[in-house]
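The values are calculated or read from the model by the stated rules, or taken from the named source; none is laboratory data. Everything numeric in this text was worked out from a predicted model, so none of it was measured. Every residue, glycine as well, gets a Cβ built from its backbone with ideal geometry; the counts of neighbours run over all protein chains shown. We work out accessible area using only protein heavy atoms, side chains counted, and drop any ligands, DNA or RNA first. Shrake-Rupley method; radii C 1.70, N 1.55, O 1.52, S 1.80 Å.
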Amino acid sequence: MTATSRATSPRWLIILCLAAVYVVWGTTYYALKVGVQETGPYFLIGTRFVVAGGLLLAWLMLRGERLPTLRQWSGSTLLGFLLLVVSLGSVTVAERTVSSGATVALISFMPIMMAVWSGLLEKWPARGEWIAIVVGLIGALVMVTGHDLRASPGGTALILMACTSWSFGTVLSRRLDVPHGAMGFAAEMLAGGLLALVVSAALGEKWVLPESSAVWWAWIYLVIAGSLIAFSAYRYLVERVSPTLAS
């Protein structure tokens, strides 16, 4: 499946998706920082992905796409839990005490975690990928030294846990029975968003609409740029290139 997907995926589209992950996804951490000023972390995550997933699912149904099977919904729910509830939820909670810049610096350790999970569950990265990982790791260490993360050990631990869950979920997604393409992205976002709202209710977060226009703009940006564009681009890459390159 991977070889076929690579063969049928235009190089320009792969590059465009990588650019979306590099630039658009990177800016969402600042939007999260703004969003948690007036909303609960899991309420923010839940509403963001329920709306994005619902819109994408409705558009696909209008085009005549088939809904996922029950087994595929189960796989999508597991991925939504690992990637969105555990990983992004932890990052959003952490950003109450950790700056968005420090968050990005810590998340830059993701490729090394992805390489480990890939080796344990699939195959170890090639030599060229290891060279890229080492270079990236050095850059991540340089960025981390510019932030005093000792001020928030709890937030730091949450972000590292988020990286672990995200990298594990990414590699696992290649082994689960989930819909490929946009229907899979929609199912994961919708299922993950609903789970995040369940967690939000269980934690007693207040479900109130924000008053600040800045928070509203941050939420809209997270729905459109962060979810519909960047998350879909990342999942597209995971289906067509190595997890190491995607991370």
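With the checklist (1) touching a Pro at 6+ places or on another chain (Cβ under 9 Å); (2) open to solvent by less than 30 Å² (accessible area, probe 1.4 Å) in hand, flag the one item Leu83 doesn't pass.
Here Leu83 clears every test but (1).
Any residue in region 159-182 that's farther than 19 Å from Thr97 by Cβ: show its pairings with residues that are modelled with pLDDT of 90 or more and in a loop (DSSP other than H, G, I, E, B) at Cβ separation under 7 Å, as long as the two are six or more apart or on different chains.
Pairs found: Pro179/Pro68.
Can you run down the residue pairs with Cβ atoms below 7 Å, 6 or more apart or on separate chains, where the first is in region 1-23 and aromatic (Phe, Trp, Tyr) and the partner is part of a loop (DSSP other than H, G, I, E, B) and modelled with pLDDT of 65 or more?
none
Is it the case, given these coordinates, that Met161 is among the aliphatic types (A, V, I, L, M), closer than 17 Å to Gly53 by Cβ and part of a helix (DSSP H, G or I)?
Values: among the aliphatic types (A, V, I, L, M): yes; closer than 17 Å to Gly53 by Cβ: no; part of a helix (DSSP H, G or I): yes.
It is false that Met161 is among the aliphatic types (A, V, I, L, M), closer than 17 Å to Gly53 by Cβ and part of a helix (DSSP H, G or I).
Looking at region 203-222 only, could you name the residues that are in contact with a Phe, Trp or Tyr (Cβ under 9 Å, 6 or more places away or on another chain) and surrounded by fewer than 20 Cβ atoms within 10 Å (Cβ to Cβ)?
Listed by number, the residues that qualify are Leu203, Glu205, Lys206, Trp207, Val208, Leu209, Pro210.
Looking for something outside any helix (DSSP H, G or I), under 18 Å from the mean Cα position of the chain (by Cα) and either buried (at least 18 other Cβ atoms within 10 Å of the Cβ) or of a type outside the set (Lys, Arg) (or both) - is there at least one such residue anywhere in region 22-45?
Going through region 22-45, the residues outside any helix (DSSP H, G or I) turn out to be 36-40.
Imposing the further condition that a residue be under 18 Å from the mean Cα position of the chain (by Cα) reduces the set to 36.
After this cut, where a residue has to be either buried (at least 18 other Cβ atoms within 10 Å of the Cβ) or of a type outside the set (Lys, Arg) (or both) as well, the list is 36.
Within region 22-45, one or more residues are outside any helix (DSSP H, G or I), under 18 Å from the mean Cα position of the chain (by Cα) and either buried (at least 18 other Cβ atoms within 10 Å of the Cβ) or of a type outside the set (Lys, Arg) (or both).
Of all residues in region 199-247, which are of a type in the set (A, V, I, L, M) and over 19 Å from the mean Cα position of the chain (by Cα)?
Keep residues of region 199-247 that are of a type in the set (A, V, I, L, M), which gives 199, 201-203, 208-209, 214-215, 218, 220, 222-225, 228-230, 233, 237-238, 241, 245-246.
Selection gives Ala201, Ala202, Leu203, Val208, Leu209, Ala214, Val215.
Being of a type outside the set (D, E, K, R), surrounded by 22 or more Cβ atoms within 10 Å (Cβ to Cβ) and modelled with pLDDT under 90 is true for just one of Ser247, Ser242, Ser227. Which residue is that? Steps first, please.
Numbers: Ser242 fails: surrounded by 22 or more Cβ atoms within 10 Å (Cβ to Cβ); Ser227 fails: modelled with pLDDT under 90.
Matching residue, one of Ser247, Ser242, Ser227: Ser247.
Return a yes/no flag: does region 27-46 have any residue that is over 24 Å from Ser247 (Cβ atoms), of a type outside the set (Val, Ile, Thr) and without any contact (Cβ under 8 Å) to a residue 24 or more places away in the chain.
Within region 27-46, not a single residue is over 24 Å from Ser247 (Cβ atoms), of a type outside the set (Val, Ile, Thr) and without any contact (Cβ under 8 Å) to a residue 24 or more places away in the chain.
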